[in-house]
Amino acid sequence: MSLTNNPIFAKIKKQFETDKNKRTEDSEMSVKLLIFDKDGVIFDTEPGKTKSYWLALRELAKIAGLKEVPDESLDPIHHFWDEADYCVWHTKYLTGKSRQEAVSGIFDRFGKMIDQVMAEQSAAVGEALAGGGKEVKKELVNPKLLSDNQRIFSALRLNLYNDIPLCERARPIKPTIGLMKMAIRAGNRIALITESEYERTVREMEQLIPLGLNLLCFRVAACKDGIFVAGQKTAEGGEKQEMYKRIMSLAACEPQECLVVEDTDKGQAAALAAGLTCLMVSFPGAS
């Protein structure tokens, strides 16, 4: 459902438009803290992620001496994928999935080629990983991925992802930006939750500065590698359900005083498990 057509959003908007000095404790909506998921709510990140997985597959095909990525489910000699084919497939089956789920899904479809290239061209694959930063090196030992080849593929994908221009990787979603600014003007607080690392989140949030927001506008920023307040790490990250609880604790809010804005079933489940009310949104053609 589009955010602007959502009945819960309409109630929140009405609350924010009410003079905060006229509100009563028993008003219909008493939201004090809005918690926004990052990917898919604040930023449209799927096109950039999808492209990065395609670039990783194409890089491996190139290392193998192939002009395009072979389709293992049909005829690998005569049928190849192009970027448009891949984006349609990825959007249908992998959009909204976790990193490990996406990598596993790609191996189900392209694993034969990936495993063969990594077995026969390990030196060339290693060269493709050269220059990777801390996040890329960390991915090479990611315990959530099922095999060394999955870890290498995911690290290669991250390396290529970082080469995509930031404006393509994370596109601000304007209805959400408007809601956050409205909440702040009304005297409410906002918080951020994401399964991305803090450094990446800082870079992406710089795009909000021309729109009148920045990372310090968020009372709490809960990231994969830590919970941050005013740029200072105050606690470790963790599973999303626990991150929600830590946000409430740091913001000194009760569950009934919070509202989560999420875009995936998995994110909603984590919010509900933490005792929070969750508004589910989607943004077709988000940016």
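Taking only C-alpha pairs under 8 Å that are 6+ residues apart, what is the relative contact order of the chain in percent?
So the answer I get is 27 percent.
In the chain, a dipole from Cβ-located charges (positive for Lys and Arg, negative for Asp and Glu) runs towards its positive end, and of ASN214, ASN159, MET182 it is MET182 whose Cα lies farthest in that direction. Computed from Cα atoms, the angle from the helix 46-63 axis to the main principal axis of the chain rounds to 10 degrees. Considering only SER196, SER30, THR234, whose Cα is most displaced toward the positive end of the charge dipole of the chain, charges sitting on Cβ of Lys, Arg (+1) and Asp, Glu (-1)? Farthest along the dipole direction, towards plus: SER30. Rounded to the nearest 20 debye, the dipole size of the range 46-166 about its Cα centre is 500 debye, using +1 on the Cβ of Lys and Arg and -1 on the Cβ of Asp and Glu.
With unit charges on the beta carbon (Lys/Arg positive, Asp/Glu negative), name the residue among GLY105, GLN121, GLY132 whose Cα is farthest towards the positive pole of the charge dipole of the range 46-166. Looking along the dipole axis, the top candidate is GLY132. The range 78-97 and the range 146-209 have Cα centres separated by 22 Å. Compared with the dominant principal axis of the Cα atoms in the chain, helix 83-93 is inclined by about 50°. Please say if the range 231-275 is rounded, prolate or oblate, where rounded means a/c under 1.5 for a ≥ b ≥ c the square roots of the C-alpha gyration tensor eigenvalues, and otherwise the choice is prolate for a/b larger than b/c and oblate otherwise? Since a/c reaches 1.5 but b/c is at least a/b, the shape of the range 231-275 is classed as oblate.
Rounded to the nearest 20 debye, the dipole size of the chain about its Cα centre is 1040 debye, using +1 on the Cβ of Lys and Arg and -1 on the Cβ of Asp and Glu. Once the chain from THR95 to SER249 is taken as fully extended at 0.36 nm per residue, the excess over their C-alpha distance is 52.3 nm. Most tightly packed first, judged by the mean number of other beta-carbon atoms within 10 Å of their residues, the peptides 123-133, 86-96 read 86-96, 123-133.
Readers should treat all values here as calculations from the given coordinates under stated rules, not as data from a laboratory. All of these numbers come straight from a predicted model, not from anything done at the bench. Counting neighbours? That spans all protein chains shown, and the Cβs are built from the backbone with ideal geometry, glycine included.
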